[in-house]
1. Going by what's in this entry, would residue B:61 be described as under 29 Å from residue A:386 (Cβ atoms) and either surrounded by fewer than 24 Cβ atoms within 10 Å (Cβ to Cβ) or modelled with pLDDT of 95 or more (or both)?
2. Give the residues of segment B:28-59 that are in contact with a His (Cβ under 7 Å, 6 or more places away or on another chain) and more than 9 Å from chain A (Cβ to nearest Cβ), sorted by residue number.
3. Can you find a residue that is in contact with a strand residue (DSSP E or B) (Cβ under 8 Å, 6 or more places away or on another chain) and within 14 Å of another protein chain (Cβ to nearest Cβ) anywhere in segment A:231-240?
4. Would you say residue A:722 is within 14 Å of chain B (Cβ to nearest Cβ) and either at pLDDT 95 or above or out of contact with any helix residue (DSSP H, G or I) (no Cβ under 9 Å at 6 or more places or on another chain) (or both)?
5. Being in contact with a Cys (Cβ under 9 Å, 6 or more places away or on another chain), not aromatic (Phe, Trp, Tyr) and not in a helix (DSSP H, G or I), is that true of even one residue in segment A:227-237?
6. Among the numbered criteria (1) buried (at least 21 other Cβ atoms within 10 Å of the Cβ); (2) touching a residue at least 40 places away in the same chain (Cβ under 8 Å); (3) within 21 Å of residue A:712 (Cα to Cα); (4) over 26 Å from the mean Cα position of the chain (by Cα), which one does residue A:531 miss?
7. Which members of segment A:163-196 meet the condition of being of a type outside the set (Lys, Arg) and in a helix (DSSP H, G or I)?
8. Go through (1) under 14 Å from the mean Cα position of the chain (by Cα); (2) more than 9 Å from chain A (Cβ to nearest Cβ); (3) crowded, with 24+ Cβ neighbours inside 10 Å for residue B:106 and report which single condition fails.
Amino acid sequence: MNDIDRRAFLKASAQASAGFAVAFYLPEPKASAESEPSVFEPNAYISIARDNKVTLWVTRSEMGQGVRTNLPAALAEELDVDLARVNLQQAMPGARFKGIRLRTSGSGSSSGTFGSLRKAGATAREMLIAAAASTWNVDRTSCRADSGAVFHVPSGRSLSYGELVAKAAQQPVPVNPPLKNPATFRLIGKPLKRIDAPQIVRGTAVYGLDVHVPGMLFAVIERCPYLGGRLVSFDANKALQVPQVRGVFPITKGISTGVAVVGDNTWAALKGREALKVEWNPGPNQNFDSEVFAHELESAFALDGYPIRRDGDAPHALQNSSKTLDAVYHYPFEAHAPVETMNCIADVREDSCEVWVSTQTPETAHENIMKMLGLPSERIKVHTTLVGGGFGRRLFVDYVDEAVELSKQLGKPVKVLWTRTDDTRHGFFHPASAEQMRAGIDADGRILAWVHKSVGSDLSMFGLPTAEQMKDLQRYAKDEAPWGAFDTPYNFSALKVDYVPVDSPVPTGAWRSVDYPSRVFARESFLDEVARAAGRDPLQLRIDLLAPGDILKLGDQNIDRGRMIRVLELSREKSNWLQPLNPTANRLRGRGLAINIYEGESYIAQVAEVSLARDLSDLKIERIVCVVDCGFPINPLGLEGQVESGITWGLSATLHGKIDFQKGQVVQQSYRDFRVMRMNEMPRIETHIVPSISSPGGFGEHAVPPVAPAVANAIFDATGKRLRRLPFAAGSLEKAI
Amino acid sequence: MAVHVLTINGKQQAIDADPEMPLLWVLRDLLLLTGTKYGCGVGICGACSILEGHLPVRACQVSLHQTAGKSYTTIEGLSAAGDHPCQRAWIDEDVSQCGYCQAGMIMSAAALLHRIPKPTDADIDEAMSNSVCRCGTYQRMRRAIHKAATQRSKA
């Protein structure tokens with residue numbers, strides 16, 4: 001993946017302009033002498049049949065963010081069809097979707113496709129109207145489309161879309177079809193409930209793990225537990241004696257080498273795996289320890305690293321400050337831990353391969369299979385199912401590679417299941433990082449300098465840069481990395497941001513909101529420290545630092561400080577910021593604020609309220625007020641759900657989750673030791689959406705980054721103790737300096 | 001292998017399999033009732049929650065040999081028309097995100113409402129906190145359970 005620009009891969013807006021073009025799908029000419037087309041397919045997304053059946057293709061993976069609702073809604077809005085009656089098809093890599101991105105990443109599925117889907121729908125609608133006008137021999141402006149039919153307004157005549165199929169297909173394709181006036185939207189911008197909900201609540205929705213292929217066998221794989229270790233040998237005898245075990249095979253692909261045990265059902269495979277004897281070569285990283293690595297990260301503060309931002313002369317301003325503050329923040333390795341563990345079903349035949357998989361990137365799976373098997377593209381089918389949680393983990397296809405390798409050896413279809421322990425221990429983790437923060441203030445509490453040195457690992461998902469590439473001192477700044485440090489939105493008179501990359505042997509990848517959580521944790525916590533030291537209100541200070549509400553241009557980003565100020569002002573009102581919280585006899589209470597701007601397109605502020613027992617035990621997150629401006633909200637109901645989801649995700653990392661390594665292996669095994677939030681720990685979440693007609697921004701990830709600093713700032717407010725290392729597990733407060 | 005007779009969703013089933021096989025894999029691999037999800041296999045995530053009689057159990061923690069003569073309900077059998085008050089409330093409140101854990105959540109909630117028709121927030125916390133939703137749909141789930149309780153009492 002070296003050649004792929006990291007930001008373009010992970011973020012939506014970085015390639016939004018490229019994505020705006022509608023790829024026009026031209027159906028293959030039919031070999032038969034059929035005179036009239038039976039379907040009208042003006043582009044890859046839409047198919048209308050003579051029986052009025054409308055099929056819309058979904059070009060992103062549904063993993064809870066609502067794409068199977070929001071994307072069809074954008075098409076149906078412009079096409080003027082009833083969303084409840086359309087048939088949805090999941091797009092598959094191949095000829096039909098050539099040139100159309102199917103990968104789901106960067107919170108951009110709804111926002112990034114919005115324009116092109118509207119255009120695709122409008123194109124079809126205009127061609128249908130033109131077909132009707134020509135049938136009636138009337139002026140097209142006297143016709144209008146509504147609910148799957150074209151009406152001739154003066155005469156009241158109508159033709160259904162199905163009746164217009166043949167003629168519509170002959171119409172010229174409009175280059176710039178008129179889009180609807182947003183004031184007339186029936187679907188977009190309205191609260192839309194999830195289309196798949198009836199199947200989900202009845203247990204009939206199909207995830208990767210639910211697919212059943214006739215004749216399929218079941219497998220689990222014992223993978224090398226050591227980072228970078230290798231399989232040396234295995235003894236399959238005992239495993240093969242387990243009833244219903246059908247075979248044991250080495251696996252060379254995937255995240256690590258291993259041994260697959262195949263059975264007639266999952267249970268047989270699991271029992272067979274228990275009976276397996278495997279010898280591993282622990283490899284070069286057998287002493288890797290995440291505690292030691294955290295110290296290595298801190299040691300790297302001594303290095304210059306790569307310049308990211310330079311505004312004014314920060315070192316000089318620091319010297320002139322009457323008071324300087326220093327703090328170091330740490331963020332641990334984190335796992336994605338979706339409830340649906342990794343899995344894949346593969347059916348490799350002599351001259352074909354078919355896989356069923358819950359993945360965020362079917363095109364990568366498709367390309368890998370082409371390479372692995374040497375098959376032409378059209379002999380490969382990658383079916384994307386519903387995804388039982390992605391969060392970035394499923395931007396990898398290591399589980400597909402394994403299943404394909406195994407099915408090829410077996411000559412049969414096989415379902416490879418990862419157990420929870422497999423999934424916890426073999427991830428592409430959020431990289432640990434450390435942030436060194438410095439600020440200088442003058443006697444009046446003005447901030448004269450802000451210095452942020454971020455130390456972390458590059459995401460190994462892209463392959464590590466070469467020595468030659470590393471010679472370019474601007475390489476990270478050009479990539480607008482690290483997110484959250486590069487795009488520091490505040491108007492500091494002197495600002496210096498640097499990045500020091502430190503490699504680790506840990507496989508790392510995008511984790512919900514990628515670089516932001518660690519850098520925003522440091523930035524927003526430290527700003528709270530500075531505000532307290534300067535005797536200033538943390539909310540008003542942020543507004544002052546965003547004044548005069550101008551546009552900050554950074555690389556490709558246009559950060560609208562005015563939008564952020566309005567979000568902060570609404571937060572002040574909705575969180576009752578100016579009214580003091582009343583501690584009770586038994587409990588301390590505190591309130592904290594943090595903000596973030598994602599790629600200059602989504603603006604968010606969170607105010608957390610916490611309470612603790614007087615002995616600092618029993619931390620409870622009581623309430624989180626979240627104000628968002630993510631541009632025009634395509635589906636406000638879905639957006640509110642994503643806020644609640646992102647906050648819960650952020651709380652899991654803030655309070656519980658982290659991945660440790662000892663002796664080159666992951667320590668955690670399951671939700672027992674990699675804990676995530678549960679119902680009884682949840683705060684009340686209040687979401688306020690700022691009405692906006694700005695172009696829609698993404699929202700799958702954006703509520704995550706402010707959570708940890710908002711909670712840390714609230715804890716400080718309650719206790720006077722500053723937590724700078726996640727997670728804030730039991731004992732953190734007692735240890736806090 | 002041995003034949004075990006148990007009732008699933010009102011239908012008697014004779015299952016010939018390893019007595020130690022967890023009911024989860026009996027349901028999913030042998031009966032193709034895939035609404036009951038695998039999440040951890042060790043009883044801590046709740047994705048495979050089903051009903052034994054009216055009590056919630058983890059299908060991954062029940063071995064086939066323990067099921068003889070017992071009656072189980074999975075999400076597929078919770079209601080004939082898919083309109084159990086919880087199922088309706090889940091749709092009304094737009095609870096589901098990725099949706100993977102939701103069948104287990106709904107089964108736990110249905111068991112709660114059977115035991116306590118008008119649960120308090122504390123009752124809900126107690127009944128639901130054995131289950132994991134990584135998407136974080138807890139707030140809407142709580143609303144849906146309260147709503148289902150209201151609808152149930154009206155019915």
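1. Working: under 29 Å from residue A:386 (Cβ atoms): yes; either surrounded by fewer than 24 Cβ atoms within 10 Å (Cβ to Cβ) or modelled with pLDDT of 95 or more (or both): yes.
Taking the combined requirement at face value, the residue satisfies it.
2. Just the residues of segment B:28-59 that are in contact with a His (Cβ under 7 Å, 6 or more places away or on another chain), to begin with: B:32, B:54.
Hit for segment B:28-59 is B:54, nothing else.
3. Looking for residues that are in contact with a strand residue (DSSP E or B) (Cβ under 8 Å, 6 or more places away or on another chain) and within 14 Å of another protein chain (Cβ to nearest Cβ), one finds none in segment A:231-240, hence no.
4. Values: within 14 Å of chain B (Cβ to nearest Cβ): no; either at pLDDT 95 or above or out of contact with any helix residue (DSSP H, G or I) (no Cβ under 9 Å at 6 or more places or on another chain) (or both): yes.
Criteria not met by residue A:722.
5. Just the residues of segment A:227-237 that are in contact with a Cys (Cβ under 9 Å, 6 or more places away or on another chain), to begin with: A:230-231.
From what is left, the residues that are not aromatic (Phe, Trp, Tyr) are A:230-231.
Now drop any that are not not in a helix (DSSP H, G or I), which leaves A:230-231.
Yes, segment A:227-237 contains at least one residue that is in contact with a Cys (Cβ under 9 Å, 6 or more places away or on another chain), not aromatic (Phe, Trp, Tyr) and not in a helix (DSSP H, G or I).
6. (2)
7. Of all residues in segment A:163-196, those of a type outside the set (Lys, Arg) come to A:163-166, A:168-179, A:181-185, A:187-189, A:191-192, A:195-196.
Hits for segment A:163-196 are A:163, A:164, A:165, A:166, A:168, A:169, A:182, A:183, A:184.
8. (2)
The values are calculated or read from the model by the stated rules, or taken from the named source; none is laboratory data. The shown structure was predicted, so the numbers you read here are calculated from the model rather than taken from an experiment. No Cβ is skipped: glycine too gets one built from the backbone with ideal geometry, and neighbour counts run over all protein chains shown.
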